[in-house]
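The values are calculated or read from the model by the stated rules, or taken from the named source; none is laboratory data. Not measured: the values here are computed from a predicted model. When we count neighbours, we look across all protein chains shown, and the Cβ atoms used for this are built from the backbone with ideal geometry, even at glycine. SASA here: full protein model, heavy atoms, side chains in, ligands and nucleic acids out. Shrake-Rupley method; radii C 1.70, N 1.55, O 1.52, S 1.80 Å.
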Amino acid sequence: MKTLHIDLETYSDIDITKAGLYRYVQSEAFEILLFAYAYDGEPVRIVDLAAGEAVPPGIIMDLNDPKVKKVAHNAAFEINCLNKYFHTDAVQWHCTMIHAYYCGFPGQLGQVGKAVGLPESRQKMTIGKQLIRYFCVPCNPTKTNYGRTRNFWYHDREKWNLFRSYCIRDVETERDIFRILQKHPMPESEHFNWVLDQYINNTGVALDMELVNGALAISDQVKEELSNNAKILTGLDNPNSVSQLKQWIADNASLELDSLNKQTVAERLADKNEKQLVKEVLKIRQELGKTSVKKYEAMGACVCKDGRIRGLLQFYGANRTGRWAGRLVQVQNLPRNYISTLDLARELVKGQRTDILRVLYGSVPDILSQLIRTAFIPGKGKRFLVADFSAIEARVLSWLAGEQWRMGVFRTHGKIYEASASAMFGVPVEKIAKGNEEYALRAKGKIAELALGYQGGTGSLISMGALNMGLSEEELPDIISRWRGSNQRIVDFWKASERYAMAAVRHGVPQYMPCGICFSRDEDYLMVHLLSGRCLYYYKPEIRLNDRGRDAIHFQGVDQKTKKWGRLSTYGGKLTENIVQATARDLLANAMRNLCAGGYTINFHIHDEVILEEPENSGRTLEEAIGLMCRLPGWAQGLPLNADGFESHYYKKD
């Protein structure tokens, strides 16, 4: 099979970072400027479309030839750009960005080149951003450029020639990375998952633009009212300024705050000794800080001409585990809805009835925030089927560790919070029910389940909200001790994961856990072989002392908080978390393949939940969809999987 490496440079008047790829390509101003390509190891050629050259007919034919593998970095971009003029199918493509993610590298071409150790002469040219700003986006009209709003190739031929070289270099760099990554090929199942992801992103989901526009209009009105109230209360010209407001609080409360983030504001509002005036001002800041406006603005910027939003998901966006990440509207962190009158609230927002919203619900920003999910709607004549796995990570962890009492819970009533509290405190599970004194123990069981499965301690309990639930810091060590005591096989799994991983790094001999998970290494990686056949990769592993003075595995990777490439360390609990979350991700991928084969249309998915768009009279039911989700792959036999769901004419949290 021939391999055709491709890189494009394009122009559009739409900001791709804000509006996304699909809206960017839909613009009437969109065009492909440069088309660089190379077959296998042949020299890179470039087609200067901006200067009037044409793509050779043979290339056009190969774009739709399944016998020719097309390769690009962030191939979704090339696929969608090319499909505006030609035809090519994602199934014929290989994405080196996704392959880099799979192997534990960062996603950007320049970062991957550095991480894999390409010589500087083969890495991405650093001048690229400057050239893209000049040729690929609109420019401001000035006297110097004679009032033009766009720079064409003939406006600066020296820069244009450099731009051509930049495009050629990208193909060379991507091809070098492709060769290096081929040492650890992606499984065919992962390629299929990526192709399915492209189809899901292409399908997108409809937006209720009447609701979006109503929410934005109401938000503008409320923001102006709140800002004016803050000015009156504080006397500040700009009470939205962090520095001005911090100084005002210091003057009026004799208190200097390090920040005015969400947590700090909430803490000051909860303080009974805080002055009422300061609380009123902080309450206004809290209201103004609702994220609803940004979500609605993103929806308005990204919506395509047919009223649908596309490109909400990033395949393999979570490094190492391979879970999906959110893009544009960030569907992975949508606010929850709590009110029972969603239908009424939606109609009031569409009608921009701020006065009634305030009377009925009090905080208008809070209602707008709760309604964000409901802006996603099925197409005309269709309905949503929404289904999600129940306690998927807890089930996978129990299954892999062989914690039999937990498996029994998941095979029967499924009330893991109550069962955990029962095991921790020696109370019959039937006693932990509403109306009984023992029901208070459920909260301790819940927080323990949420915080302690991956070797978490008091810090994990606190970050999950233990103190806000009324627990004291003195109680937390006892909760940890009781949970670990009743889940000894999970504790053993943490220890075994670390022990087997370190043995693989030290000795280079494959280490098999009783559940079938295997740790191995080669000259580049520590690899965790999952039961699904997929691998997790830890680049350049070594054993050295950690910040606690203990031997630990260190490796090179992307820090999930800073998003920067550097040296990281891991331990048994973190390895367990990676394995469990990766396995849960593979079960979701299996569920989506089953649903696709069953004829269901997947609009998008969030964590362990899928949103399906079905014609009203399709005959396909929610129960059948749940059955397909829970149909286990061969490698997961014995796992007590379960799912639940609901039907709706807009998305919500049921």
Everything considered on the Cα gyration tensor (a ≥ b ≥ c; rounded for a/c under 1.5, else prolate if a/b is larger than b/c, else oblate), segment 527-571 must be described as oblate
Under 20 Å Cα to Cα from Lys279, which aspartates and glutamates show up? Leave out anything in the same chain fewer than 8 places away.
Glu224, Glu225, Asp237, Asp251, Glu256, Asp258, Glu267, Asp271, Glu287, Asp366
Would you please classify the overall shape of segment 160-216 from the alpha carbon gyration tensor, given that a ≥ b ≥ c denote the square roots of the eigenvalues, rounded means a/c under 1.5, and beyond that prolate means a/b larger than b/c while oblate covers the rest?
oblate
Full-stretch length increase - Leu255, Ile232 - with 0.36 nm per residue and alpha-carbon distance subtracted
6.2 nm
Take the Cα atoms of segment 543-654, find their three principal axes, and give me the spread along each one in whole Å, biggest first.
63, 32, 24
Exposed-loop-free span, longest in the chain, where GluC sites (Glu not before Pro) count as exposed if DSSP calls them loop and at most 13 other C-beta atoms lie within 10 Å
257-522
Accessible surface of Ser463 - all protein chains present, 1.4 Å probe, nearest 10 Å²
90
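Quick one, could you list the DSSP H helices from the chain stretching 30 Å or more along their long axis (Cα atoms) with average Kyte-Doolittle hydropathy of 0.0 or above?
Once both thresholds are applied, what remains is 209-234, 572-597.
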First measure r as the distance between the Cβ atoms of His155 and Gln263, then evaluate 1/(1 + (r/R0)^6) with R0 = 51 Å and state the FRET efficiency to the nearest 0.05.
0.50
Solvent exposure, largest accessible area first (probe 1.4 Å, DNA, RNA and ligands not counted), of Thr621, Thr562, Thr144, Thr576
Thr144, Thr562, Thr621, Thr576
Phe410: net charge of surrounding residues, Cβ under 11 Å, Lys/Arg +1, Asp/Glu -1, itself excluded?
+3
Set the bar at 27 Å for Cα to Cα. Now go through Lys446/Lys653; Lys262/Lys415; Lys70/Lys574; Lys18/Lys350; Lys382/Lys653 and name every pair that lies beyond it.
Lys262/Lys415; Lys70/Lys574
With the alpha-carbon atoms as the only input, what is the per residue convex hull volume for segment 86-141 in Å³?
136
For the pair Arg484/Gln244, report the inter-label distance in nm, with labels modelled 7 Å from Cα in the Cβ direction.
5.1
Hey, if we sort Thr17, Thr234 by accessible area with the 1.4 Å probe, largest down, what's the order?
Thr17, Thr234
Given a 1.4 Å probe and the protein chains all in place, what does the accessible area of His413 round to, in Å² to the nearest 10?
90
Computed on alpha carbon atoms, what radius of gyration and Dmax characterise segment 608-654, expressed in Å?
12.6, 36
Neighbour cut-off at most 11 other Cβ (10 Å), DSSP loop, trypsin sites (Lys or Arg not before Pro), segment 517-587:
Arg548, Arg550, Lys561, Lys563, Lys564
At 7 Å along Cα-to-Cβ for each site, give me the label-to-label distance between Ile339 and Lys431 in nm.
4.2
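Top to bottom by accessible area (1.4 Å), largest first, where do Tyr338, Tyr651 land?
Descending accessible area places them as Tyr338, Tyr651.
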Accessible-area composition of segment 41-87, carbon plus sulfur, in percent [1.4 Å probe]:
58
Quick check: pseudo-label points 7 Å beyond the Cα along Cα→Cβ at Ala443 and Ser165, how many nm apart are they?
6.7
Spatially proximal aspartates and glutamates relative to Lys272 (Cα-Cα < 16 Å; intrachain offsets below 8 disregarded):
Glu280
Would you mind telling me the antiparallel percentage of the DSSP bridges in the chain, rounded to 5?
90
Which residues in segment 452-475 place their backbone N less than 19 Å from a point set 7 Å from the Cα of Arg548 along the Cα-to-Cβ direction?
452-464
Leaving out ligands, DNA and RNA but keeping every protein chain, what accessible area does Val25 have, in Å² rounded to the nearest 10, with a 1.4 Å probe?
10
Residues other than Gln560 with Cβ under 12 Å of its Cβ, Lys/Arg counted +1 and Asp/Glu -1, net out at +4
So what are the three principal axis dimensions of segment 415-515 from its Cα atoms, in whole Å, longest to shortest?
56, 26, 17
Within the accessible area of segment 551-654 (1.4 Å probe), percent carbon and sulfur
45
Unit-weight point scatterers at every alpha-carbon of segment 182-267, Debye formula, q = 0.16 1/Å: log10 I(q)/I(0) is -0.78
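Counting only protein heavy atoms and using a 1.4 Å probe, what share of the accessible area of segment 123-242 belongs to carbon plus sulfur, as a whole percent?
Values: 3250 of 6250 Å².
Whole-percent figure for carbon plus sulfur exposure: 52.
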Based on the mean of other beta carbon atoms within 10 Å per residue, what is the order of 37-46, 592-601, most packed first?
592-601, 37-46
Where the chain is the region considered: accessible area per residue in Å², 1.4 Å probe:
46
